[in-house]
1. Be a star and scan segment 180-197 for residues whose amide nitrogen sits under 19 Å from the point 7 Å along the Cα-to-Cβ vector of Leu158.
2. Could you look at segment 254-412 and say what percent of its accessible area is carbon and sulfur, using a 1.4 Å probe and all protein chains?
3. What whole-number value in Å² describes the accessible area per residue of segment 152-259 for a 1.4 Å probe?
4. What FRET efficiency comes out for the pair Ala228/Glu113, r = Cβ-Cβ distance, R0 = 30 Å, nearest 0.05?
5. At q = 0.15 Å⁻¹, what base-10 log of I(q)/I(0) does the Debye formula yield for segment 294-486 when every alpha carbon is treated as an equal point scatterer in vacuo?
6. So how do Lys241, Lys209 rank on accessible area, 1.4 Å probe, biggest first, that is with the largest at the start?
7. Of the heavy-atom accessible surface of segment 147-198 (probe 1.4 angstrom), what whole percent is carbon and sulfur?
8. State which entries of Lys209/Lys252; Lys137/Lys285; Lys209/Lys243; Lys137/Lys243 exceed 18 angstrom in Cα-Cα distance in the structure shown.
Amino acid sequence: MEVLAGQKHKHLEFTLVAVSELSSSSVPPSSTPVIARFSVDSGVAELRFRQDSGFIDGFNVNLGTAQLFKLGPLKSLCISGSSDSNKEKSYARGVTILFRNEEESRDFHSAFEQWQNEDVTQGTHLPNGAISDVKSKFDNKIEPSSAKMYFHYYGQLLHQQNMLQDYVRTGTYYAAVIENRADFTGRVVVDVGAGSGILSLFAAQAGAKHVYAIEASEMAEYARKLIAGNPSLGQRITVIKGKVEEVELPEKADILISEPMGTLLVNERMLESYIIARDRFLVPKGKMFPSVGRIHMAPFSDEYLFVEIANKALFWQQQNYYGVDLTALHGSAFQGYFSQPVVDAFDPRLLVSPPMSHVIDFNEAKEEDLYEIDIPLKFVASVGTRVHGLACWFDVLFNGSTVQRWLTTAPGAPTTHWYQIRCVLSQPIYVMAGQEITGRLHMVAHNAQSYTIYLTLSAKMWGPGAEQGGIIQSSSCKLDLKEPYYRMSQPQPYTTAQDQQPHQLLQPQDIAIHTDDLEEPKLLQQPLENSGAQLQ
């Protein structure tokens, strides 16, 4: 058996005794061995047979339509439709295969099944780090220009440094790993999207038997250098350059570790790769660090932010800009500025009600669950004010056997490089204390590795007779999570104004936890002493 693998070419060959059409009465041995070759042609996995210097005509097998049956210890039958695209009509045919020994027969059957499922194969015959020629799930759903920019960005050390210097992020990961040595000692670990390799080094420090660090960007080369510079740990770490959707590993993992979170948890769509890695590499009941993510949401009131965004469009109200009237574009510019989610750190006193949460269990979620996320919203206003939009943040759980640790990006907690995000309505709504606010947050994934956000907030009738009433105000907006407004200021002290009322400080224990999506609600018991989320 021979394996050749790489980013541009890959095939697998077996030496056989003979092959023949099923219609033949027997399989006559030949003095010249027959070579069976698994390969990919134009994205289609094929099995072809070669003897002497050329391929045997008419023996091409399209693995997408083929079946393989064992007729005996050394004899098998392959049934396939025609793979000749020039034929107008496809028909069934059979090829009888004679092997040299039982071990090669078993290997051939295993390879046949592997190549039939090329895009999701878990094969053991490919060398560590081999990359499939078949277009992967990632390539099928992500625009090439977006992927190019994404991997270019994360291939630069300055951006890795920005993340490493987020000490809330890095310190929480370190604590989650080291405090749960029992989960890592003697275990095989896969680091999904390894970046600089820092998490792989943490896993090795915790006693991992071996760590496979998978990184698709050029950062893989820097990771190799960093790991080589720590030889006592690096001897147990293998860096593999490639996408998790495409690479092959020589063994299954006991633990996956990754930092797949983007803005609003799901931006950049790396969570999908994390779930694909789970399905491809993780042993049953293996651990994931992190294992649960929550998106928290609450309406907010921020007159200063609203005026700041609205004023950006004032440029387009000029009626004599070098003799040109710009006002025809003012409305479009106004809506354009409000289509940008605002990324910054804000004072939690701007929240109008206690938050609600949407839970994603990484152990159970399917990749397709992240293509479209629909969250019904329901809040009760704590104060009377103007609601300018919806504020969002996230946290993730490292559900270790020894210590459960949370990484939070909540307002009022130590600021991270994710900050928080706010979706601002171009038409605010007015609410009274005790009034119900309803709505919908609908996020649809797109091929630029992000989401289109559709937000609606409505205020229900308030006061006597409200139970018979309906919606009295409603406001909607459409935003592109790919194109945020990076305001990223530290929380400012907001002065009390007539329309900017102080709100009661929200403590972490006020956060409503919805456990319906989890079989084990105990996972969501957030340890305040570990999370650092106490708001001052």
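1. Counting only backbone N, you get 196.
2. Numbers: 2780 of 5400 Å².
Ligands and nucleic acids excluded, carbon and sulfur reach 51 percent.
3. On the way: 4090 Å² over 108 residues.
Solvent-accessible surface per residue comes out at 38 Å².
4. On the way: r = 37 Å, r/R0 = 1.24.
Given R0 = 30 Å and the Cβ-Cβ separation, E is 0.20.
5. Log-scaled intensity ratios, in q order: -0.98.
6. Details: Lys241 55, Lys209 120 Å².
Highest to lowest solvent-accessible surface, that is Lys209, Lys241.
7. Working: 1410 of 2340 Å².
Roughly 60 percent, rounded to a whole number.
8. Details: Lys209/Lys252 12 Å; Lys137/Lys285 24 Å; Lys209/Lys243 23 Å; Lys137/Lys243 10 Å.
Beyond 18 Å between Cα atoms: Lys137/Lys285; Lys209/Lys243.
The values are calculated or read from the model by the stated rules, or taken from the named source; none is laboratory data. These numbers were taken from a predicted model, which means no experiment stands behind them. Neighbour counts are summed over all protein chains in view; Cβ atoms, including those assigned to glycine, are modelled from backbone coordinates with ideal geometry. Accessible surface is based on the protein model in full, side chains and every heavy atom, while ligands, DNA and RNA are left aside. Shrake-Rupley method; radii C 1.70, N 1.55, O 1.52, S 1.80 Å.
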